[in-house]
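Contents: one structure, followed by commentary.
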Protein chains: 2
Amino acid sequence: MNAKPEILDAKHIMLAHGNGGRFMRELIERVFAPRLANTLLDVQADAVPLPTPDGEIMFTTDGFTVQPLEFPGGDIGSLAVNGTVNDLAVSGATPLYLSLNAFIEEGLEVAQLERVVASLGRTATEAGVKIAAGDTKVVRRGEGGGLYLATTGVGVRDRGIRLGLDRIRDGDVILVSGPVGDHGIAVMLAREQFGLHGELLSDCASVLPLTQAVLAFPGLRFMRDPTRGGLAMIAHEIRRATGMGIHLDEPAIPIREAVASVCEMLGYDPLYLACEGRVVAVVAPADAPAALQAWRALPQGQSAVMIGRVTKAKRFVVMQTALGGERMLDELDDDPLPRIC
Amino acid sequence: MNAKPEILDAKHIMLAHGNGGRFMRELIERVFAPRLANTLLDVQADAVPLPTPDGEIMFTTDGFTVQPLEFPGGDIGSLAVNGTVNDLAVSGATPLYLSLNAFIEEGLEVAQLERVVASLGRTATEAGVKIAAGDTKVVRRGEGGGLYLATTGVGVRDRGIRLGLDRIRDGDVILVSGPVGDHGIAVMLAREQFGLHGELLSDCASVLPLTQAVLAFPGLRFMRDPTRGGLAMIAHEIRRATGMGIHLDEPAIPIREAVASVCEMLGYDPLYLACEGRVVAVVAPADAPAALQAWRALPQGQSAVMIGRVTKAKRFVVMQTALGGERMLDELDDDPLPRIC
């Protein structure tokens, strides 16, 4: 008889944890299942039934490759839950279920994997979603970046809700729920190669309370969370989809002191940096004050503000500076910060 | 003004293709969208609505890391579609929608990515599923294995259908829809390091016609597709879940000559090798002959056969050999063939 070592003996992930046999089962039963206990439907089944209330079923997916895996204010686990929860939330849906894929690199510390999975479970519970399906693969050392995650989300949306780029009209107002760039800079500072350390936390959080607070406004046209590519990316998306220009008011855009000073030091533009807990909303002018008020009544929306307008009078994304001048915001070509989400 | 190179200029994937900006949009618009045209709902939205007929909504997910990315009979694209389609099919559902995550390594040849995405699109069309959501991430050279995919599937199941390990009874019959081990050996032979070349094709295919052919039998207890860990893994799953033993009839198990001889040469047991287009079904004895007949009437089920029984009289997974002896099939510990799916 062979001796049968157990995963608990292993401090680091081995290829055998990915083979479909006993080690893989133990990885799932001992590392994943207990930490997802309240959020997991069934680890055994090929496919599971999803009880869903009446409404439109909404679907989205995202991959996560953030480096380092843990950073001030979050980790790849909380990011993978909130990222997909937020894509459902900004589409006007209530997130219900997630699937989870983990690509684990041989040699990853089991203790770190346990921390990330625990964070993932907590974040799912807080956001009110269940991890309803999952899969793990183990890849060889040098063929992965420690851990990559993918989550796919299912939610339900009231049949009356219609949001979209096609609903945006000339003169609509652009709101943002809080300061931009925190996530990008927090992750960057967590990378040792920059030699900088900050107190700044990622804004990684569910935006569901924010989106639900404004869903009832008939003038709500469109919402999006400014992740990869940041605020500038969303402005360009609106411009491309509508053919109208975007006028942004630079002094109005909320940016933390710490973010602004790191950006100045290293030459980044905070408008291109990822947020992971903010919402950009386009709203008819008549509803803008009440929408802002609804956001400001929430802890995560206290610094919500109007930052610009959609306008037929312009063709580009133009930013009015504090001194009254104008500068054009280019579309992003190069990657200011790779592996930020 | 900067010169603005386009993705079509690039023969290999660059990090900038993952940054959320113009290059990523071009990657999606030029490489992914056209090849998924008939199967794609919307590449722009954060989340998309899924129109679903009445029934239980079924959910599953799987990750794919096969190496090499292309092999005789399939590639990582066809595998990623069929793998998830098959998990829905064996649960008794009709697959409707997939999400797709691609983790692309910097330096991957764009032409190869285009072939894989085209295959993925064709396979989805054949299986009758739409790619309803997608995301791409680009990771640095040396932090990925060329391309990893994850797919999450949504299907619908008639409310009357109840399949599960808990429905298995003493004396139930085990059927397999075709020869085992083809996929595992085909992928292995495609790896240059073995110095072997064969004509063997992977069995990678949708099993939906097979599962739909037997769904109406009241004696159908449970179905599964023998992927990672193979037939032996399923036998152990049934044993663990039911507490009953499994009696397998070795000479009855269909194995192609080519698979058997490669296994003999390299010391593999074909019962542990992955299939990607076979079904194992557990059926009440009364329905077994008709279920077999239904499978044999299909092109992909012509060599379907009964291979064993579930029995209270045993506690292990036991195989009766051609000579009348018995040997125990251990649960898989080590990985016979990593990155097979």
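The values are calculated or read from the model by the stated rules, or taken from the named source; none is laboratory data. Note that the structure is predicted; figures quoted are calculated from it, not measured. Heads up, the Cβs are rebuilt from the backbone with ideal geometry, glycines too, and the neighbour counts pull from every protein chain shown. SASA here: full protein model, heavy atoms, side chains in, ligands and nucleic acids out. Shrake-Rupley method; radii C 1.70, N 1.55, O 1.52, S 1.80 Å.
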Fill in the blank from the handout: Per residue, the convex hull enclosing the alpha carbons of segment A:76-193 has a volume in Å³ of 158 Å³
Completion exercise
hull vol. (C-alpha, convex hull) per residue for the protein assembly as shown, Å³ -> 150 Å³
Handout entry: Sequence-distant aspartates and glutamates (8 or more away, or on other chains) whose Cα lies within less than 17 Å of residue A:314
Key = A:170, A:172, A:237, A:249, A:250, A:326, A:330, A:331
Problem - Residue order for A:126, B:331 - accessible surface, 1.4 angstrom probe, largest first - result: A:126, B:331
Practice task
Name the most mobile residue of B:328, B:24, B:244, meaning the one with the largest mean-square fluctuation, in a Gaussian network model of chain B with Cα contacts below 10 Å.
Solution key: B:328
Fill in the blank from the handout: For segment A:88-104 the residues that are at least 40 Å² less accessible with all protein chains than alone, 1.4 Å probe, are A:101, A:103
Exercise for the section: Rank B:308, B:107, B:267 by mean-square fluctuation in a GNM of chain B with C-alpha springs under 10 angstrom and give only the top-ranked residue. Expected result: B:267
Practice task
Jot down the radius of gyration and Dmax of segment A:79-120, Cα atoms only, both in angstrom.
Solution key: 13.2, 40
Exercise for the section: Return P(r) of segment B:165-328 (all Cα-Cα pairs; 5 Å bins starting at 0; whole %; ordered from short to long distances). Expected result: 2, 9, 19, 22, 20, 15, 9, 4, 1, 0
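If you count only protein heavy atoms with a 1.4 Å probe, what accessible area per residue comes out for segment A:165-328, rounded to a whole Å²? Walk me through the numbers before you get to the answer.
Working: 6790 Å² over 164 residues.
Roughly 41 Å² per residue, with all protein chains present.
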Fill in the blank from the handout: Taking the dipole of the protein assembly as shown about the Cα centre (Lys, Arg +1; Asp, Glu -1; charges at Cβ), the one of A:274, B:305, B:69 that reaches farthest to the positive side is B:305
Practice task
Taking a probe of 1.4 Å and counting only protein heavy atoms, give the total accessible area buried between chains B and A in Å², rounded to the nearest 100.
Solution key: 5800 Å²
Exercise for the section: Select from A:190, B:112, B:178 the residue farthest towards the positive end of the dipole of the protein assembly as shown; place +1 on Cβ of Lys and Arg, -1 on Cβ of Asp and Glu, and compute about the Cα centre. Expected result: B:178
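Largest first, how would B:314, A:137, B:11, A:130 line up by accessible area (1.4 Å probe)?
Numbers: B:314 50, A:137 5, B:11 150, A:130 80 Å².
Ranked from most to least accessible, the order is B:11, A:130, B:314, A:137.
Treating the beta-carbon of each Lys and Arg as +1 and of each Asp and Glu as -1, no other charges, what is the dipole magnitude of segment A:44-157 about its Cα centre, to the nearest 20 debye? Kindly include the intermediate steps, with their values, before the conclusion.
Numbers: 7 positive and 14 negative charges, 12 e Å.
Dipole size: approximately 60 debye.
Can you classify segment A:133-179 as rounded, prolate or oblate using the Cα gyration tensor, where a ≥ b ≥ c are the square roots of its eigenvalues, rounded means a/c under 1.5, and otherwise it's prolate if a/b beats b/c and oblate if not? Display every interim value, and only then the final one.
Working: a/c = 3.93, a/b = 2.13, b/c = 1.84.
Judged from the Cα gyration tensor, segment A:133-179 comes out prolate (a/c at least 1.5, a/b above b/c).
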Problem - Gain on full stretching of the segment that runs from residue A:26 to residue A:159 - 0.36 nm per residue minus C-alpha separation - result: 43.6 nm
Practice task
Any chance you could check segment B:57-72 for residues losing 50 Å² or more of accessible area when the partner protein chains are in, compared with the chain on its own (1.4 Å probe)?
Solution key: B:57, B:59, B:61
Exercise for the section: Skip the ligands, DNA and RNA, and give the accessible area per residue of segment A:44-157 with a 1.4 Å probe, whole Å². Expected result: 24 Å²
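Could you tell me what percent of the accessible area of chain B is made up of carbon and sulfur, with a 1.4 Å probe and every protein chain present? The partial results should precede the final answer.
Values: 6560 of 12800 Å².
Heavy-atom surface of chain B belonging to carbon and sulfur, 1.4 Å probe: 51 percent.
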Fill in the blank from the handout: The simple spin-label model distance between residue B:70 and residue A:290, using points 7 Å out along Cα→Cβ, in nm, is 5.8 nm
Completion exercise
Expected field for residue B:327, accessible surface area in Å² at 1.4 Å probe radius, rounded to 10, holds 90 Å²
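Just to check, using Stokes-Einstein with a Kirkwood Rh over alpha carbon pairs, what's the diffusion coefficient of chain A at 4 °C and 1.567 mPa s in µm²/s?
Values: Rh = 21.1 Å.
Roughly 61 µm²/s, to the nearest whole number.
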Problem - Cα centroid separation - segment A:235-279 against segment B:128-190, whole Å - result: 41 Å
Exercise for the section: Could you compute the FRET efficiency for residue A:201 and residue B:54, with r as their C-beta to C-beta distance and R0 at 45 Å, rounded to 0.05? Expected result: 0.45
Fill in the blank from the handout: Any helix of chain A counts here only if DSSP assigns it H throughout, its Cα atoms span 15 Å or more along the axis, and its mean Kyte-Doolittle hydropathy is at least -0.5, and such helices are A:76-90, A:110-127, A:230-242
Practice task
Pick out which of A:304, A:186, A:102 has the largest mean-square fluctuation in a Gaussian network model of chain A, springs linking Cα atoms closer than 10 Å.
Solution key: A:102
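Rounded to the nearest 5, what % of the DSSP beta bridges within chain A are antiparallel ones?
Details: 41 of 55 bridges.
Looking only at bridges with both residues in chain A, the antiparallel portion is about 75 percent.
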Exercise for the section: Using label points projected 7 Å from each Cα along Cα→Cβ, tell me how many nm separate residue A:191 and residue A:170, to one decimal. Expected result: 4.4 nm
Problem - 19 Å cut-off, amide nitrogen to a point 7 angstrom out along residue A:33 Cα→Cβ, residues in segment B:87-126 - result: none
